[in-house]
Amino acid sequence: MFTIGCHLSSSKGFLAMGKEAVKIGANTFQFFTRNPRGGAVKPLDLIDIEAYNRFSTSNGLCAVLAHAPYTMNPCAEKAGLREFALNVMRDDLSRLSHIPDSLYNFHPGCHVGQGVDIGIDLTAQMLNSALKPGQKTTVLIETMSGKGSEIGRSFEEIQSIIEKVEQNEHLGVCLDTCHVFSAGYDIVHNLDGVLDEFDKIIGLSRLKAIHLNDNMTPFGSRKDRHEKIGKGTIGLDAFGRIVNHPILKSLPFYLETPNEIEGYAEEIVLLKSLGL
Ligand code: FE
Ligand code: FE
Ligand code: ZN
């Protein structure tokens, strides 16, 4: 049985997200920790979280994935923006400590003209300040498409960040199918080769989650335009191979496709129908 879910709105709280996930046949979900285009955050509701924790245990939900806001740029040029990123990550991780089995995904950032090497250094510095010994949440660096000055478009860049982080036992990678295909990793024709490369450069033990998205743009476009599953340049056959791949099938899958809740429910049915 897959672990599969989709991105849900967190506006009604954790218990509401858990119930919505179960209703659409999911056994996990992703949500934004705060306003993705700002940073504003609601007060922590521990009663809701406790109710959610009981609900998730009795309904078999697992590996809930919290996504950091897009405004978080750990390798920004301005010190104030980097401080904002650090404070957001610290606060998000402290909130997530109340949810067992949680994962935290973030974009490694845009170097905005400082160059990739400085970007990698700054992002690693932030992680060194944000990660704490004994923390429970695993922090995932997302593979990026390479649009603009994004870092994290290659496995080498991601590994360079990981290597510079002392507490890197708390770090993993979330592979976004749309992003890697745009970045030039051919998961349609050479999935085994791409996973082999991931293993050689980063190590497959770091791979903790998959963002399942089709792609509106051609291979190697360096663009970040998600498409519904089976409607884009990756295509349904490739998703069948991805969800059934021996290395991938036990990982949690999260849909971030352009859908309302009904569309997500249909994609979950579709993806389960592809499963062995
Ligand atoms: Fe993302
Ligand atoms: Fe993603
Ligand atoms: Zn994306």
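FYI, it's all coordinate maths here, none of it is from the lab. Bear in mind the structure is a predicted one, so any value in this text is a computation, not a measurement. Quick reminder, even Gly has a Cβ in these numbers, built from the backbone with ideal geometry, and neighbours come from all protein chains shown.
Table for the structure above
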| read-out | value |
| --- | --- |
| Residue satisfying condition, being under 20 Å from the mean Cα position of the chain (by Cα) and hydroxyl-bearing (Ser, Thr, Tyr), within set 94, 58 | 94 |
| Members of region 139-178 that are assigned to a loop (DSSP other than H, G, I, E, B), within 15 Å of ligand 3 (Cβ to nearest atom) and among the hydroxyl-bearing types (Ser, Thr, Tyr) | 143, 145 |
| Residues of region 53-65 satisfying the condition of being closer than 26 Å to residue 130 by Cα and away from ligand 3 (no atom under 16 Å from the Cβ) | 53, 62, 63, 64 |
| Conditions (1) within 12 Å of ligand 2 (Cβ to nearest atom); (2) in contact with a Gly (Cβ under 6 Å, 6 or more places away or on another chain): number failed by residue 220 | (1) |
| Complete set of residues in region 251-276 that are part of a loop (DSSP other than H, G, I, E, B) and either at positive phi or touching a residue at least 60 places away in the same chain (Cβ under 8 Å) (or both) | 251, 256, 257, 259, 275 |
| Any hit, region 29-44, residues being outside any loop (DSSP other than H, G, I, E, B) and farther than 21 Å from residue 213 by Cβ | no |
| Residue match in region 184-202 (condition: within 30 Å of residue 98 (Cβ to Cβ) and over 16 Å from the mean Cα position of the chain (by Cα)) | yes |
| Condition check for residue 182: of a type in the set (Ser, Thr, Tyr), more than 16 Å from ligand 3 (Cβ to nearest atom) and either in a loop (DSSP other than H, G, I, E, B) or without any contact (Cβ under 8 Å) to a residue 60 or more places away in the chain (or both) | no |
| Subset of region 187-217 [more than 17 Å from residue 254 (Cβ to Cβ), within 16 Å of ligand 2 (Cβ to nearest atom) and out of contact with any strand residue (DSSP E or B) (no Cβ under 8 Å at 6 or more places or on another chain)] | 217 |
| Residues (more than 11 Å from residue 66 (Cβ to Cβ), in a loop (DSSP other than H, G, I, E, B) and more than 16 Å from ligand 3 (Cβ to nearest atom)) located in region 78-111 | 78, 97, 98, 100, 101, 111 |
| Evaluation of residue 258 against (1) away from ligand 2 (no atom under 16 Å from the Cβ); (2) under 19 Å from the mean Cα position of the chain (by Cα) (one fails), failing number | (1) |
| Unmet criterion (only one of (1) crowded, with 17+ Cβ neighbours inside 10 Å; (2) of a type in the set (S, T, N, Q); (3) farther than 20 Å from residue 107 by Cα) for residue 215 | (3) |
| Test set (1) touching a helix residue (DSSP H, G or I) at 6+ places or on another chain (Cβ under 8 Å); (2) within 16 Å of ligand 3 (Cβ to nearest atom) - residue 216 fails condition number | (1) |
| Residue 232 being among the small types (Gly, Ala, Ser) and outside any helix (DSSP H, G or I) | yes |
| Flag for residue 75 being touching a residue at least 60 places away in the same chain (Cβ under 8 Å), more than 20 Å from residue 127 (Cβ to Cβ) and not β-branched (Val, Ile, Thr) | no |
